[in-house]
Structures are given as structure tokens and as C-alpha cells.
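Structure first, commentary second.
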Amino acid sequence: MEIITLLAEKLASKIEMTPTATRGLIKLSIKDEVGPFKPIEQLDYDDLMDIINRSLKKRLEAIKVDNVDLIIKYLAKTLIENQSLITMGSV
């Protein structure tokens, strides 16, 4: 899904991890939030916003990332600005 890749790249630039590692964090956060049986392709905007604001935030706090609230706001804004990628990823 294109939006996951974009969010991972944006997150990587903020926390000094590789995009591959941050994509893994996001995918684990997805599983935390919606469970293992909902395919990533079926996630909608609301699902992704919840994942960013809840599960991903908890994971970033757990690994002691600085400025978690600012990073979460940045990722939420990125999601809002690029929500068309969600549709593209589900086609």
C-alpha cells in the first residue's frame, strides 16, 4: 500500500531509523489495532488515523522516541494531505 510506504519514509526521517524498519513498526501497529485477519488493502482513512494516533504512538513511546506527539501530528497531517494514496492502493 502506497500510503504505508510514504508514512514509513516520513517517520524514518524523523526518528533516525531506516524506512524498512519504520514500515515494520507501522505494520506491527496495524496488527495491534485491527488484528491479524484484516488485509492491509482493506484499511480506510479512519483505520489509518486510529493506527497512527493509538498503536503507533504507543510503539514510539515504548522505544523512547523523543517528541512523539509532534511526530504523530506530522504523520496525521501527512495522511490527511495524501489520503488519495489510500484509494490508489486499493485499486
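The values are calculated or read from the model by the stated rules, or taken from the named source; none is laboratory data. Please read all numbers here as calculations on a predicted model, not as lab measurements. Positions of Cβ are backbone-derived with ideal geometry, glycine not excepted, and every protein chain shown enters the neighbour counts. Note: accessible area is taken over every heavy atom of the protein model, side chains too, but ligands, DNA and RNA are not part of it. Shrake-Rupley method; radii C 1.70, N 1.55, O 1.52, S 1.80 Å.
Here is how the numbers come out for the structure above:
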item: Spin-label model distance (nm) - THR87 vs ARG59, 7 Å beyond Cα toward Cβ; result: 2.7
item: Cα-based helix-to-principal-axis angle, 2-15 vs the chain, degrees rounded to 10; result: 0
item: Approximate spin-label separation GLU16-LYS31, in nm, with each point projected 7 Å along Cα-to-Cβ; result: 2.8
item: Carbon plus sulfur fraction of accessible area for the chain, probe 1.4 Å, in percent; result: 51
item: The chain, helix-only ellipticity at 222 nm - DSSP H runs n ≥ 4, -39,500 (n - 2.57), divided by all residues, nearest 500; result: -20500 deg cm²/dmol
item: Listed candidates [x] 0.93; [y] 1.09; [z] 1.05 - label of the one calculated as Rg/Rh (Cα atoms, Kirkwood Rh); result: [x]
item: Cα→Cβ-extended label distance, 7 Å offset, between TYR45 and ASP66, nm; result: 3.4
item: Qualifying GluC sites (Glu not before Pro) in segment 16-87, DSSP loop, other Cβ atoms within 10 Å at most 12; result: GLU16
item: Sparse-neighbourhood loop sites, chymotrypsin sites (Phe, Trp or Tyr not before Pro) in the chain - DSSP loop, at most 11 other Cβ within 10 angstrom; result: PHE37
